[in-house]
Amino acid sequence: MNRSPSNEIFLKIGTRESTLAMHQTNHVRDKLMEIHPNLSCSIDSMETIGDKILDVALSKIGSKSLFTKELEEALAQKCVHIVVHSLKDMPTSLPEGMVIGAVLKREDPRDAVLLHPSYHDKCNLSQLPEGSLLGSSSVRRVAQLRRHFPQLQFESIRGNLNTRLKKLVSSDRYAGIILAAAGVRRMGWTDKISQYLEAEDCMYAVGQGAVAVECLAEDHQTLSLLQRLSDDNTLLATVAERALMAALAGGCSAPVAVWSKIDASSLTLKGGVWSLDGKEQLIEDLTTQLCPSDQENVVDSEGDSAKTSSSVDDSVDASSLVDGEEVSNGHGVSKRQTNAPCTEEPPTKVRRVEDAEADSRTSIVQPEVVCFSGIVPPPHLTVKASLAHMLGKNLAEVLLSKGAGKILSEAKKANEVPPPNVKPTNLPTGQ
């Protein structure tokens, strides 16, 4: 971030070239300039490996940074000050020295069905003729939908939103396509949505619907500038979701999905894993209390919350929980309750929590900055972010104890292919 003699702040923003990415980046720019009137910005767009390779399913490309690598290279070389991403595209383990400085308010995180015009009289998937072909680039969506709609067929469909919509309407090949509702709504296509998929049909991707802003951990000024962009509830929910994904070592090659619910006092996270064909399914959920006034939370020197308090199913009376023990609710979901001390004091030692593995490993980023699952919370959210982070890890432990590791390992193995060769992207010129 550069300051002129007149105290004007200049920020160069990196983003992908797609229409949706530019829309999201313009939104971030406008919000920043609204919060900081003395700010001026420029935008540099570029292609990523995920934009270049359109003839291979995302799950088979063989990279964890399909839509972020080139942007992060520009950030590392200080060609840009920040980069804007769809949070669902970001790996849970970020490059050394990089953090997510802001997570904006989440758009609708659900998946949406867009049907071919010839099916205008059909309003949902269950009404489509047997054998109808649906396009989706996500193994997560396909695994769940195969389970719930075995009469339908599925095929990978690639390209940006404009390209996929054109493929749908310009031929009779696809009866419909499945897209993230957030992207469709941001493009102004709400009227094209035939059905929103609820949790019983298709749980959504980690971070889906949220826009994230990444910057260098050492860039104190930019981090400070970004903090007011974050939405508290979105940040906490996505910290938990990313902690779950990291502990499961999931990614785009394995069907992992979430569904989260947050209010002033609690955060509920539901997580699931599936085999590629959808025949194997494992779903669990947990709830943590977010700093109840009569309890005290201990945040350890690693930046982790020491304990979480959990009740698990909104439809189940919390009085059925047994303190400190697991109780079955009759739906294959484990419920746990533990005492969760809580305090509003931030951790005394500031650490970055790295969760590429189930057991976290830590490294100091800088004074007065702590991040969970790569996300830097504002100071007033540090304790709650710690609780959210531990909620995700605890839920992953429950899933792994029930066999999630085997399901995910087999799914990843089935998707193993040599990574394709692509030409490097020319980075923008630094300031």
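Odds and ends about this structure:
- In the range 160-180, the residues that are part of a helix (DSSP H, G or I) and surrounded by fewer than 19 Cβ atoms within 10 Å (Cβ to Cβ): Asn162, Thr163, Leu165, Lys166, Lys167, Val169
- Restricting the range 117-171 to residues that are aromatic (Phe, Trp, Tyr) and under 22 Å from Ala254 (Cβ atoms), the residue that is nearest to the chain's Cα centre (by Cα): Phe154
- Residues in the range 181-201 that are over 30 Å from Leu282 (Cβ atoms) and outside any loop (DSSP other than H, G, I, E, B): Arg185, Arg186, Thr190, Asp191, Lys192.
- Residue that is farthest from Ser93 (Cα to Cα), among those in the range 250-264 that are touching a Ser or Thr at 6+ places or on another chain (Cβ under 9 Å) and aliphatic (A, V, I, L, M): Ile262
- Selection count where residues are among the small types (Gly, Ala, Ser) and not in a loop (DSSP other than H, G, I, E, B), scope the range 219-264: 8
- Residues located in the range 208-266, provided they are hydroxyl-bearing (Ser, Thr, Tyr) and under 17 Å from the mean Cα position of the chain (by Cα): Ser230, Thr234, Thr238, Ser253, Ser260
- Count of the range 169-183 residues which are under 26 Å from Val206 (Cβ atoms) and out of contact with any helix residue (DSSP H, G or I) (no Cβ under 6 Å at 6 or more places or on another chain): 5
- Residue pairs meeting the criteria (Cβ under 7 Å; at least 6 apart or on separate chains; first within 28 Å of Glu70 (Cα to Cα) and part of a loop (DSSP other than H, G, I, E, B), in the range 406-424; second modelled with pLDDT under 50 and small (Gly, Ala, Ser)): Asn415/Ser59; Val417/Gly62; Pro418/Gly62; Pro419/Gly62; Pro419/Ser63
Residue by residue, here is whether (1) touching a Cys at 6+ places or on another chain (Cβ under 7 Å); (2) modelled with pLDDT of 95 or more holds:
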{"residue": "Val28", "(1), (2)": "no, yes"}
{"residue": "Cys79", "(1), (2)": "no, no"}
{"residue": "Ile82", "(1), (2)": "yes, yes"}
{"residue": "Val113", "(1), (2)": "no, yes"}
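- Residue match in the range 49-56 (condition: more than 15 Å from Thr222 (Cβ to Cβ) and either at pLDDT 90 or above or touching a Leu at 6+ places or on another chain (Cβ under 6 Å) (or both)): yes
- Only a single criterion out of (1) modelled with pLDDT under 90; (2) part of a helix (DSSP H, G or I); (3) among the small types (Gly, Ala, Ser) is not satisfied by Ala21, namely (1).
- Only residues that are free of Cβ contacts under 8 Å to residues at least 60 places away in the same chain and more than 21 Å from Lys406 (Cβ to Cβ) were counted in the range 234-259, giving 0.
- Annotation: of all residues in the range 184-195 being touching a helix residue (DSSP H, G or I) at 6+ places or on another chain (Cβ under 8 Å) and charged (D, E, K, R), the one that is surrounded by the most Cβ atoms within 10 Å (Cβ to Cβ) is Arg186.
- Lys88 assigned by TED's automatic domain parsing to the domain that holds Leu276, basic (Lys, Arg) and either part of a helix (DSSP H, G or I) or modelled with pLDDT under 90 (or both): yes
- Residues of the range 208-218 include at least one that is in a loop (DSSP other than H, G, I, E, B), surrounded by fewer than 21 Cβ atoms within 10 Å (Cβ to Cβ), of a type outside the set (Gly, Ala, Ser) and not assigned by TED's automatic domain parsing to the domain that holds Ala143.
The values are calculated or read from the model by the stated rules, or taken from the named source; none is laboratory data. Note that the coordinates shown come from a computational prediction; the quantities given were computed from them, not determined experimentally. Here Cβ is always computed from backbone atoms with ideal geometry, including for glycine, and neighbour counts include all displayed protein chains.
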